[in-house]
Amino acid sequence: MTADDCEAVARIRVRGWQHAYAGLMPAAYLDAMSVEEDAARRREQFGAGGSRVVNVVAERAGETVGWGCFGPSRDTGAPDGTAELYALYVRPEHLSTGVGRSLMAELRVRAAARGYRSMSLWVLTDNSRARRFYTKAGFTPDGASESYEVANVPVPEVRYAARLNA
């Protein structure tokens, strides 16, 4: 990913949230998400991320169709050598076409190359599609769960984890 990809990544992220989280988060919150605001945040984060956060985009026919990123685990008490998948989104019309699998494979390879031995991620408890995807990618729930609030509505998550190959 380059800084020039920030607009496309913001579009993928916002549309990804609106598609994947419909019925799982308040509709008013999802409807109010702004590609422009997300792109501005993305440019700021991309510039400040340094080498600790790795961003990867997937392209088809010159068009950005997916994005994922990882970095060090943000979980308190996470063992050294644990990466965290911060995000993985694919344009809704490209779901189930292999884009997500390719992105996940590339992110795992890059994390292992940076010396990470395992990777964790948080997924909405009720997001069955994502949970199936992560299970097929070799991740399993590790027993951790938490909840955060979106527009005063609790949104429960579970953590998944996988070992990385050196």
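List of remarks:
- For the range 88-140, the gyration tensor built on C-alpha atoms gives an oblate shape. Its axis ratio a/c (a ≥ b ≥ c) is at least 1.5, and a/b is not larger than b/c.
- Estimated dipole of the chain in Debye, rounded to 20 [Cβ of Lys and Arg +1, of Asp and Glu -1, Cα centre]: 660 debye
- Extents of the range 1-61, taken as max minus min of Cα coordinates on every principal axis and listed largest first, are 35, 28, 20 Å.
- Taking a Cβ cut-off of under 15 Å around Trp122, the surrounding Lys, Arg, Asp and Glu residues balance to a net charge of -4, with basic ones at +1 and acidic ones at -1.
- Listed residues Trp122, Thr135, Tyr160: farthest to the positive end of the dipole of the range 115-166 (Cβ charges): Thr135
- Charge-dipole axis of the chain as Lys and Arg at +1 and Asp and Glu at -1 on Cβ define it, positive-most pick from Ser147, Leu107, Val56: Leu107
- Against the empirical 2.2 N^0.38 Å (N residues), the chain has a Cα radius of gyration ratio of 1.00.
- Radius 12 Å from Cβ of Pro154, net charge of other residues (Lys, Arg +1; Asp, Glu -1): -4
- Normalised contact order of the chain, rounded percent, pairs of Cα under 8 Å and 6 or more residues apart: 21 percent
Bear in mind that the values in this text are calculations on the coordinates, not laboratory data. These figures come from a predicted structure and were not determined experimentally. Virtual Cβ from ideal backbone geometry, glycine too; neighbours counted across all protein chains shown.
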